[in-house]
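Notes follow once the structure below has been shown.
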Amino acid sequence: MLRCLIIAVASTLIAIPASAKSHTVRSGDSLWTIARKHGCTLNELKRANKLGKFLRPGQKLRIPRCSKSGSQKSNKRGKQTRSKKYRGRSGRGTYVVKSGDTLGRIAARHHQSIKKLKKWNGLKGNLIRAGQRLRVSSPSYKHDGRPVEGQSVGGPPRGRLAGGKQMQETEEWHIRRPHNAWGTAYTIYHLEAAIAAVRAKYPDIHPLSVGDLSAKKGGRLYPHKSHQSGRDADIGFYFDNVPAGYPKYFARTHGSGFHVAANWLFLRLLLKTANTKGGLQVVFLDYKLQKVLYEYVKENGASDEFLLRAFQYPRGISTRVGLIRHEPGHDNHYHFRFKCGASESHCYR
Ligand SMILES: [Zn+2]
């Protein structure tokens with residue numbers, strides 16, 4: 001689908017003379033949506049314009065000739081830009097579907113069964129589409145049967161990380177500090193899968209801001225109290241309109257601009273892992289934002305039993321109930337904590 005979209009973008013651009021293109025900023029535009037609309041990367045757009053901190057409606061931006069709208073010829077010669085490589089990149093443990101792929105062929109190429117691929121990716125039938133990112137190796141074991149990379153040793157407030165995995169930036173998320181983006185295989189697997197699923201449902205959504213997980217070998221990570229053993233992750237929110245500075249920085253909200261549906265989908269997918277080894281242990285989130293989500297979920301017909309299990313709200317900020325809990329300072333990001341994995345024998349709660 002992504003590929004079709006790009007071809008569609010390219011062909012509409014070809015109809016217009018390539019020089020002197022511009023875009024007039026309307027309210028609700030962000031650099032990200034403008035770049036995406038014109039087939040540019042954020043950096044290409046930034047390079048072509050002298051940009052201040054904020055965009056104002058009515059402002060004219062120069063739209064450069066961008067890699068995604070460029071001629072096919074330059075791509076054939078192998079002069080791929082960074083963004084070109086980024087967009088369908090198949091990372092460790094994931095594969096981006098190309099047109100013509102079948103589930104059977106992908107399974108065979110990665111030495112997996114179709115059944116496993118379907119299970120890991122929540123697929124009901126055999127239908128896949130180009131551009132879709134698939135999990136192609138087990139979150140708990142490598143396909144040669146060795147245990148997971150990334151062992152949490154000790155616990156989040158006093159621990160370390162052995163053989164951790166570094167979360168790599170893709171166009172679906174921005175890593176604020178790559179040297180602090182190390183975690184256990186479960187932590188990274190669950191986060192990446194949930195973010196990819198949100199993007200699949202909301203293809204135009206902005207990249208999510210990924211803050212600190214742990215250091216490469218874990219241990220004390222200033223200024224955090226926990227984040228020591230690869231099982232904590234600070235992650236920004238999804239917004240209706242991307243706030244200035246986001247996703248480079250977190251953005252604070254008590255509800256305004258908060259993309260309730262996308263945030264809920266993201267949370268729901270992670271909450272779903274709570275009954276598994278290596279799944280979600282707890283989420284810290286500001287009480288006011290809990291209320292926003294709670295009301296949305298309730299309105300959409302969630303059972304009382306589910307609401308009680310998922311939310312601390314409305315039982316007060318000091319109650320120790322629900323998977324989503326209030327902690328001060330969590331009005332600009334989620335703090336996810338994952339449980340010990342099946343093979344992590346030195347891992348403590
Ligand atoms: Zn945190």
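The values are calculated or read from the model by the stated rules, or taken from the named source; none is laboratory data. Values in this document were obtained by computation on a predicted structure and should not be read as measured data. Here the Cβ is made from the backbone with ideal geometry for all residues, glycine too, and neighbour counts use every protein chain on show. Surface accessibility is based on the protein's heavy atoms, side chains included, excluding ligands, DNA and RNA. Shrake-Rupley method; radii C 1.70, N 1.55, O 1.52, S 1.80 Å.
Among the helices (runs of 4 or more DSSP H) confined wholly to segment 38-108, which include 2 or more residues that are open to solvent by less than 30 Å² (accessible area, probe 1.4 Å) and modelled with pLDDT of 70 or more?
In segment 38-108, the matching helices (runs of 4 or more DSSP H) lie at 42-48.
Could you please find all residues in segment 244-271 being in contact with a helix residue (DSSP H, G or I) (Cβ under 9 Å, 6 or more places away or on another chain) and modelled with pLDDT under 95?
HIS254, GLY255
So which of ILE205, ILE195 is away from the ligand (no atom under 15 Å from the Cβ), among the β-branched types (Val, Ile, Thr) and assigned to a loop (DSSP other than H, G, I, E, B)?
ILE205
Out of all the residues in segment 161-189, which are over 17 Å from GLY279 (Cα atoms), in a helix (DSSP H, G or I) and open to solvent by less than 20 Å² (accessible area, probe 1.4 Å)?
Selection gives ASN180 alone.
Restricting attention to segment 208-244, which residues are within 11 Å of the ligand (Cβ to nearest atom) and surrounded by fewer than 15 Cβ atoms within 10 Å (Cβ to Cβ)?
PRO223, LYS225
Which of the residues spanning segment 277-316 are in contact (Cβ under 8 Å) with a residue 40 or more places away in the chain, open to solvent by 50 Å² or more (accessible area, probe 1.4 Å) and within 22 Å of ARG231 (Cβ to Cβ)?
Scanning segment 277-316 gives a single hit, LYS277.
Any idea how many residues of segment 22-37 are in a loop (DSSP other than H, G, I, E, B) and either of a type outside the set (Lys, Arg) or surrounded by 19 or more Cβ atoms within 10 Å (Cβ to Cβ) (or both)?
Residues meeting the conditions: 5.
Filter segment 307-349 down to the residues that are assigned to a strand (DSSP E or B) and within 23 Å of LEU208 (Cβ to Cβ) and list them by number.
Within segment 307-349, PHE311, ILE324, ARG325, TYR334, HIS335, PHE336, ARG337, PHE338 meet the criteria.
Exactly one condition in (1) within 14 Å of the ligand (Cβ to nearest atom); (2) crowded, with 22+ Cβ neighbours inside 10 Å is false for PRO247; which is it?
Among (1) within 14 Å of the ligand (Cβ to nearest atom); (2) crowded, with 22+ Cβ neighbours inside 10 Å, PRO247 violates only (1).
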